[in-house]
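Structure first, then comments.
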Amino acid sequence: PRPAQQVRVRDGRRDDLRRQVALDLLPHRVADLAAVARGGVARLRAVRTDIERAGLASDVVDVVTLLEVLEHVRDPAAAAAEALRLARRAVVVTVPSVPDDNPEHVRLFDKASLTALFVGAGARRVAVDGVRGHLVAVIHR
């Protein structure tokens with residue numbers, strides 16, 4: 001199982017969040033997210049799909065967030081390329097940077113490997129910084 005793969009859709013003219021699309025492979029997580037939308041977060045849309053091949057139009061969002069996702073996916077290069085394809089401006093990523101006991105974490109990134117992943121996917125600029133036990137990256141198309 002993977003955590004929700006979130007695509008945040010922002011209005012290019014304003015800085016406030018307009019619409020949010022959450023992607024996940026697991027039906028029960030999509031159902032939970034849909035319940036949140038029905039419960040009053042009308043800007044949220046839940047979609048059952050895979051970040052490695054989301055099936056959404058290119059350049060459909062301003063910013064894609066992959067928060068605690070890449071350490072779970074089968075093909076992080078495909079996920080990175082898909083995130084860049086979806087984003088008009090940038091991708092924001094967080095990943096663990098130290099080993100842990102989560103059996104769902106199938107890989108560990110360091111600054112060099114995370115940078116190489118997105119440069120290899122076509123990013124023009126990658127900035128990676130660390131916070132306690134994690135890396136945070138902002139990737140520009």
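The values are calculated or read from the model by the stated rules, or taken from the named source; none is laboratory data. What you see is a predicted model; the values in this text were computed from it and never measured. As a convention, Cβ positions derive from the backbone with ideal geometry for all residues, glycine included, and neighbour counts pool all protein chains shown. Note: accessible area is taken over every heavy atom of the protein model, side chains too, but ligands, DNA and RNA are not part of it. Shrake-Rupley method; radii C 1.70, N 1.55, O 1.52, S 1.80 Å.
Computed over the chain, relative contact order equals 20 percent, with contacts defined as Cα pairs under 8 Å that lie 6+ residues apart. Across region 133-139, coupling constants 3J(HN,Hα) worked out from phi with the 6.51/-1.76/1.60 Karplus curve, θ = phi - 60°, read x, 9, 10, 10, 10, 10, 10 Hz, and Gly and Pro carry x.
Near the amide H of ASP62, within less than 5 Å, lie the amide hydrogens of ARG10, ARG88, all on another chain or at least 5 residues away, with H placed in the peptide plane. Accessible surface of region 16-86, 1.4 Å probe: 56 percent of it comes from carbon and sulfur atoms. Remark: accessible surface ordering of VAL126, VAL119 (largest first) is VAL119, VAL126, probe radius 1.4 Å.
Heavy atoms of the protein chains alone define the surface here; on that basis the chain has 52 Å² accessible area per residue at 1.4 Å probe size.
Shown is the FRET efficiency for ASP100 and ALA127, computed with R0 = 30 Å from the Cβ-Cβ distance and rounded to the nearest 0.05: 0.80. Quickly estimate the mean residue ellipticity at 222 nm for the chain, helices only: each DSSP H run with n ≥ 4 gives -39500 (n - 2.57), and the total goes over all residues, rounded to 500. So the calculated ellipticity at 222 nm is -7000 deg cm²/dmol. Whole-Hz Karplus values for region 114-124 come out as 5, 4, 4, 4, 7, 5, x, 8, x, 5, 8 Hz, taken residue by residue from phi with 6.51 cos²θ - 1.76 cosθ + 1.60 and θ = phi - 60°; glycine and proline positions read x. Taking ARG45, ARG53 and ordering them by how much accessible surface each has at a 1.4 Å probe, largest first, produces ARG53, ARG45. Annotation: amide H-H contacts under 5 Å for VAL69 (H modelled 1.01 Å from N, sequence separation of 5 or more, or interchain): THR94.
Roughly what % of DSSP beta bridges within the chain run antiparallel, to the nearest 5? Of those bridges, close to 70 percent are antiparallel.
Surface composition of region 99-141: carbon plus sulfur atoms hold 54% of the accessible area, using a 1.4 angstrom probe and ignoring ligands, DNA and RNA.
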